[in-house]
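Asker: One structure coming up, written as structure tokens, with questions to follow.
The values are calculated or read from the model by the stated rules, or taken from the named source; none is laboratory data. Only a predicted model underlies this, so the values are computations on that prediction, with no experimental measurement involved. Here the Cβ positions follow ideal geometry from the backbone for every residue, glycine too, while neighbour counts run over all protein chains shown. Note: accessible area is taken over every heavy atom of the protein model, side chains too, but ligands, DNA and RNA are not part of it. Shrake-Rupley method; radii C 1.70, N 1.55, O 1.52, S 1.80 Å.
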Amino acid sequence: MANYYTDQPEIAFHLEHPLMKRIVELKERNYADKDKYDDAPVNYEDAIENYKRILDITGDVAANIIEPNSEAVDLEGPHLIDNRMHYASKTYENLDATRKAGLWGVSMPRQYGGLNLPNVVFSMLSEMISSADGGFQNIWSLQSCIDTLYEFGNDEQRAKYIPRICNGETMSMDLTEPDAGSDLQRVMLKATFDEKENCWRLNGVKRFITNGDSDIHLVLARSEEARTTVADCLCLSTTSATEVLMCAI
Ligand SMILES: Cc1cc2nc3c(=O)[nH]c(=O)nc-3n(C[C@H](O)[C@H](O)[C@H](O)COP(=O)(O)OP(=O)(O)OC[C@H]3O[C@@H](n4cnc5c(N)ncnc54)[C@H](O)[C@@H]3O)c2cc1C
């Protein structure tokens, strides 16, 4: 049976890189999780074996589910129902397959249900999924927007959102506006805190947003009046309510 990992030995070559040992040590913080989680590696060799298992599973899903679905996804395309975007039906099958294979929250720590993979391995997975269906790779790999929340969010925000991504909810990063593309300092989307509802309200326009009807959005907006310096905050919003992750950037 086809497998995009075992059929393409050049992908595994990345695991042989001389820096890999250091990368794994840093990501695993000297294997600090080994006594807390059954799936945590106990040493470098164990970590590499774990990565190979995940790569093998992904190679299988990519070759035997995502690639065979790709033509039907292109032919059907996403469409609007009641003003909401719906993916092509086979895209839902792809999402389901990646969720069942545990391929969400791949870079997130185990405490939130993630796989704690280094970026090298994330890129390897991404390359295989991209070979199967470049469009679906966009939907899947945008899960990495959660890295921003992990880096800049507080503990409460991490506990609230990261497990959702580990369970397969989708993300987008909403930066571009009609008058702010390459020059993101020009973003005008306004974030105003609603004291009564205890949430942030967004007012303005975003455009060209890949996977723009995702479950959770990372939104770049201004919480202060327009200035010529960098934008003031990153907002995190869901389709039902809006919350804002304040970040100095
Ligand atoms: C397929 C696709 C997916 C996208 N997905 C997303 C997404 O998920 N989220 C999101 O926020 N945005 C997304 N975008 C938008 C993308 O980030 C912007 O298109 C990009 O930042 C460029 O901005 P612009 O289109 O406004 O072009 P402009 O910034 O207006 O640029 C127009 C032209 O001027 C040139 N130019 C700009 N600045 C300079 C400069 N300082 N010096 C010299 N030349 C310059 C550019 O190279 C270009 O040729 C997507 C775009 C595409 C095409």
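Asker: Within the range 142-207, report the trypsin sites (Lys or Arg not before Pro) that DSSP leaves as loop and that have at most 14 other Cβ atoms within 10 Å.
Answerer: LYS196, ARG207
Asker: When the accessible area of the chain is computed with all protein chains present and a 1.4 Å probe, what percentage of it is carbon and sulfur?
Answerer: The value for the chain is 50 percent carbon and sulfur by accessible area.
Asker: Enter the accessible area of LEU80 (Å², nearest 10), with the probe set to 1.4 Å and all protein chains included.
Answerer: It works out to around 120 Å².
Asker: Accessible area per residue, 1.4 Å probe, Å², for the chain: what's the number?
Answerer: Here the per-residue accessible area is 53 Å².
Asker: While we're on this one: In deg cm²/dmol and to the nearest 500, what is the mean residue ellipticity at 222 nm of the chain if only DSSP H runs of at least 4 residues count, each as -39500 (n - 2.57), divided by the residue total?
Answerer: Helix-only estimate at 222 nm: -11000 deg cm²/dmol.
Asker: Also: Report the Stokes-Einstein translational diffusion coefficient (µm² s⁻¹, integer) for the chain, Rh taken as the Kirkwood radius over Cα pairs, at 20 °C with viscosity 1.002 mPa s.
Answerer: 110
Asker: So between ASP213 and ILE23, what do we pick up on full extension, going 0.36 nm a residue minus the alpha carbon distance?
Answerer: 65.0 nm
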